[in-house]
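S.K.: I have a structure I would like to understand better, so I am pasting it below and will then ask my questions one at a time.
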Amino acid sequence: MNKDRIEGSAKQAQGSAKEAIGKLTDDPQLRAEGKVRKAEGTLQKAFGKFKGLFHRS
């Protein structure tokens with residue numbers, strides 16, 4: 001596991017938390033920020049997996 005995959009997972013968790021708090025408080029801005037953060041995490045995690053393929057070769 002590399003740095004990008006770890007950071008991506010952390011961003012996904014942060015985004016999920018923000019999104020849940022936004023739902024609980026009925027705050028559409030916070031929900032949107034959470035969704036964006038989750039998407040950033042997903043992309044960074046995927047990049048980490050992709051990068052890992054080349055380091056193994």
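Readers should treat all values here as calculations from the given coordinates under stated rules, not as data from a laboratory. Bear in mind the structure is a predicted one, so any value in this text is a computation, not a measurement. Don't worry about glycine lacking a Cβ; one is built from the backbone with ideal geometry, like all the others, and counts go over all protein chains shown.
S.K.: Per the Kirkwood formula on distinct C-alpha pairs, the Rh of the chain is how many angstrom?
M.R.: Result for the chain stands at 11.6 Å.
S.K.: Here's something else I'd like to know. Would you work out the relative contact order for the stretch 3-56, in percent, from Cα pairs under 8 angstrom that are 6 or more residues apart?
M.R.: 47
S.K.: While we're here: Roughly how many nanometres apart are two label points built 7 Å out from the Cα toward the Cβ at L24 and L43?
M.R.: Computed distance between label sites L24 and L43 equals 2.8 nm.
S.K.: If we sort 33-41, 17-25, 46-54 on the protection proxy, mean other Cβ atoms within 10 Å, highest first, what's the order?
M.R.: Output ranking for 33-41, 17-25, 46-54: 33-41, 17-25, 46-54.
S.K.: Turning to a different aspect of this structure: I want the local charge near E33. Using Cβ-Cβ distances under 15 Å, sum +1 for each Lys or Arg and -1 for each Asp or Glu among the other residues.
M.R.: +3
S.K.: OK, next. Roughly how many nanometres apart are two label points built 7 Å out from the Cα toward the Cβ at A32 and K3?
M.R.: 3.2
S.K.: Dipole of the chain, Cα-centred, from +1 at each Lys and Arg C-beta and -1 at each Asp and Glu C-beta, to the nearest 20 debye?
M.R.: So the magnitude is around 340 debye.
S.K.: Relative to the longest principal axis of the chain, what angle (0 to 90°, nearest 10) does the C-alpha long axis of helix 28-56 take?
M.R.: Here the helix axis deviates by roughly 10 degrees.
S.K.: Placing +1 on the Cβ of each Lys and Arg and -1 on the Cβ of each Asp and Glu in the chain, which of Q29, G8, G48 has its Cα farthest towards the positive end of the resulting dipole?
M.R.: Checked the options; the winner is G48.
S.K.: Add +1 for every Lys or Arg and -1 for every Asp or Glu among the other residues with Cβ under 12 Å from the Cβ of G48, and state the total.
M.R.: Counting the neighbours of G48, the net charge comes to +4.
S.K.: Turning to a different aspect of this structure: By how many degrees, 0 to 90 and rounded to 10, does the Cα axis of helix 3-25 deviate from the longest principal axis of the chain?
M.R.: The helix 3-25 is inclined about 10 degrees to the chain.
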